[in-house]
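Report on the following structure.
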Amino acid sequence: MEHSRVVTAALVLASVLCLFPVSHGWGEDGHFTICKIAQSRLSDTAAEAVKELLPESDGDLASVCSWADRVRFRYHWSAPLHYINTPDVCGYQYSRDCKDEDGKEGRCVAGAINNYTTQLLDYTGSSSRSDHNLTEALKFLSHFMGDIHQPLHVGFASDKGANTIDVHWYTRKQVLHHVWDANIIETAEERYYNEDVEGLIDAIQQNISSEWADEIKAWETCSKNQTTCPDIYASEGIKAACQWAYKDATEGTVLKDEYFESRLPIVKLRLAQAGVRLAATLNRIFGTSRN
């Protein structure tokens, strides 16, 4: 009897896993990096708001940046909010692409960013009264700003953002999506940063203040005085997916140094853009919403 219950539970879990594409956006180190960069760029007002909304972590945004992945199977409804599927074209349109598998509009990572940004605009300080859980809204927004900058989170519907493309990362079998979630970052840490994510963060921060310094204002800016602009991030994402992630990485391809070295700068760039834009969004939210 006990054995049959275990088997049944395993089958139920397997069926649940099959329902939702396995896309975890950057992995722990990627999301940690993005939120560390963002935290370093928060205004005093925004930093105070983050601290008030995250009392369990004393305002440490990076420590909760992967929370949305950890609750995906408790909050089943959140699974489609981590990605966007395009109809196998290298362009993105909100009205066409931002929907879940049942066709419900707004159910994608761009829609989620808009939604949680709007929720957080209710924040007025420690005495805030809102119909929304603003702590969870902050956690979701911070995570989804990372996800939308992972190129394969704005990928093709036919391969579920490269989750069905089997490749080899050097000698290890992987799906292409996971290569971009984690393998490129992990290999960089092993080769260049003594297996330490802080070394990667420092290198990206240096590039932000030097190599990319002239681009930061453009990254931060949203047109028409919008608080956030995920359609821009998604359009960049699918272009990067086509130009870099999918290119030269078909079923069975062995990806080695040539792929790694040419794609690592793209990964660093997207991590930097996500961190800068998350900070800019939070600064706009809390700079305009507090009394």
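The values are calculated or read from the model by the stated rules, or taken from the named source; none is laboratory data. Since the model is a prediction, treat every value here as computed from it, not as a measurement. Every residue, glycine as well, gets a Cβ built from its backbone with ideal geometry; the counts of neighbours run over all protein chains shown.
Does the stretch 118-138 contain at least one residue that is farther than 14 Å from Asp231 by Cα, under 15 Å from the mean Cα position of the chain (by Cα) and modelled with pLDDT of 95 or more?
Within the stretch 118-138, one or more residues are farther than 14 Å from Asp231 by Cα, under 15 Å from the mean Cα position of the chain (by Cα) and modelled with pLDDT of 95 or more.
Residue check, Gly252 against (1) outside any loop (DSSP other than H, G, I, E, B); (2) of a type outside the set (A, V, I, L, M); (3) at positive phi, all met but one. Which one?
(1)
Just to be sure I understand the filter: pairs with C-beta atoms under 9 Å, separated by 6 or more residues or on different chains, first member in the stretch 98-123 and on the phi > 0 side of the Ramachandran plot, second member surrounded by fewer than 20 Cβ atoms within 10 Å (Cβ to Cβ) and aromatic (Phe, Trp, Tyr). Which pairs pass?
Short answer, once both residue conditions are applied: Gly106/Tyr94.
So Asp60 fits all but one of (1) surrounded by fewer than 18 Cβ atoms within 10 Å (Cβ to Cβ); (2) without any contact (Cβ under 8 Å) to a residue 12 or more places away in the chain; what number is the exception?
Just one mismatch for Asp60, condition (2).
Which residue, of Arg263, Arg270, Arg277, is basic (Lys, Arg), surrounded by 20 or more Cβ atoms within 10 Å (Cβ to Cβ) and either under 19 Å from Thr117 (Cβ atoms) or in contact with a Ser or Thr (Cβ under 9 Å, 6 or more places away or on another chain) (or both)?
The match here is Arg277.
What do you reckon, is Lys99 charged (D, E, K, R), under 18 Å from the mean Cα position of the chain (by Cα) and closer than 17 Å to Arg277 by Cα?
no
Going by the conditions given, is Ile208 under 30 Å from Asp88 (Cα atoms) and either assigned to a helix (DSSP H, G or I) or at pLDDT 95 or above (or both)?
For Ile208, the condition - under 30 Å from Asp88 (Cα atoms) and either assigned to a helix (DSSP H, G or I) or at pLDDT 95 or above (or both) - is not met.
Does the stretch 133-178 hold any residues that are surrounded by 15 or more Cβ atoms within 10 Å (Cβ to Cβ), of a type outside the set (Asp, Glu), within 30 Å of Asn283 (Cα to Cα) and without any contact (Cβ under 8 Å) to a residue 24 or more places away in the chain, and which are they?
Ala137
What is the residue count in the stretch 113-166 for residues that are in a loop (DSSP other than H, G, I, E, B) and more than 25 Å from Ile232 (Cα to Cα)?
Count: 13.
Look through the stretch 112-132, keep the residues that are surrounded by 19 or more Cβ atoms within 10 Å (Cβ to Cβ), of a type outside the set (A, V, I, L, M, F, W, C) and in contact with a Phe, Trp or Tyr (Cβ under 8 Å, 6 or more places away or on another chain), and return whichever of them is farthest from Ala274 (Cα to Cα).
Tyr123
In the set Lys268, Lys247, Lys239, which member is outside any strand (DSSP E or B) and touching a Leu at 6+ places or on another chain (Cβ under 9 Å)?
Lys268
For the stretch 240-255, does any single residue satisfy the condition of being surrounded by 15 or more Cβ atoms within 10 Å (Cβ to Cβ), modelled with pLDDT of 95 or more and of a type in the set (Lys, Arg)?
no
Does Ala188 satisfy being crowded, with 19+ Cβ neighbours inside 10 Å and either in contact (Cβ under 8 Å) with a residue 12 or more places away in the chain or polar (S, T, N, Q) (or both)?
Answer is yes for this residue.
May I ask you to verify whether Val89 is surrounded by 14 or more Cβ atoms within 10 Å (Cβ to Cβ) and on the phi < 0 side of the Ramachandran plot?
no
Going through the stretch 211-228 one residue at a time, which ones are assigned to a helix (DSSP H, G or I) and either in contact with a His (Cβ under 9 Å, 6 or more places away or on another chain) or free of Cβ contacts under 8 Å to residues at least 40 places away in the same chain (or both)?
Ala213, Asp214, Glu215, Lys217, Ala218, Ser223, Lys224, Asn225, listed by residue number.
Pick out the one residue from Glu198, Glu211, Glu189 that is over 25 Å from Thr86 (Cα atoms), touching an Asp or Glu at 6+ places or on another chain (Cβ under 6 Å) and not hydrophobic (A, V, I, L, M, F, W, C).
That would be Glu189, the only listed residue that is over 25 Å from Thr86 (Cα atoms), touching an Asp or Glu at 6+ places or on another chain (Cβ under 6 Å) and not hydrophobic (A, V, I, L, M, F, W, C).
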